[in-house]
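The values are calculated or read from the model by the stated rules, or taken from the named source; none is laboratory data. Values in this document were obtained by computation on a predicted structure and should not be read as measured data. Cβ placement follows ideal geometry from the backbone for every residue including glycine, while neighbour counts extend to all protein chains displayed. Ligands, DNA and RNA are stripped out before the accessible areas are found, and what is left, the full protein with its side chains, is counted by its heavy atoms. Shrake-Rupley method; radii C 1.70, N 1.55, O 1.52, S 1.80 Å.
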Amino acid sequence: MNKTPKMRTISAAIREIKESDPNSCFTEHALRKAILTKHIPTVMAGKKYLVDMDVVYAYLENNSLAA
């Protein structure tokens, strides 16, 4: 079974995180930094970065365990 990734722009990804956790401190700046340092892979759509939300959540989960 082929699962379609939930691709979001950076701002849409942060909105989705804030909807599921209004007290989240993860910011657009932090997401951009993770993208630019290659911790989160992206797909370019024109000038916009698209991220897979499953990858973003996995990144957040793995980094919170490392802290």
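Summary table below
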| quantity | calculated |
| --- | --- |
| Of all accessible heavy-atom area on the chain, the percent that carbon and sulfur account for (1.4 Å) | 57 percent |
| Under Karplus coefficients 6.51, -1.76 and 1.60, residue-wise ³J(HN,Hα) of region 49-54 in Hz, glycine/proline x | 8, 10, 10, 7, 4, 5 |
| Residue-span extension gain [Asp54 to Arg15] - 0.36 nm each, minus C-alpha spacing | 12.6 nm |
| Trypsin sites (Lys or Arg not before Pro), loop per DSSP, at most 16 other Cβ atoms within 10 Å - longest free stretch of the chain | 7-37 |
| Residues of the chain: accessible area per residue with a 1.4 Å probe, Å² | 74 Å² |
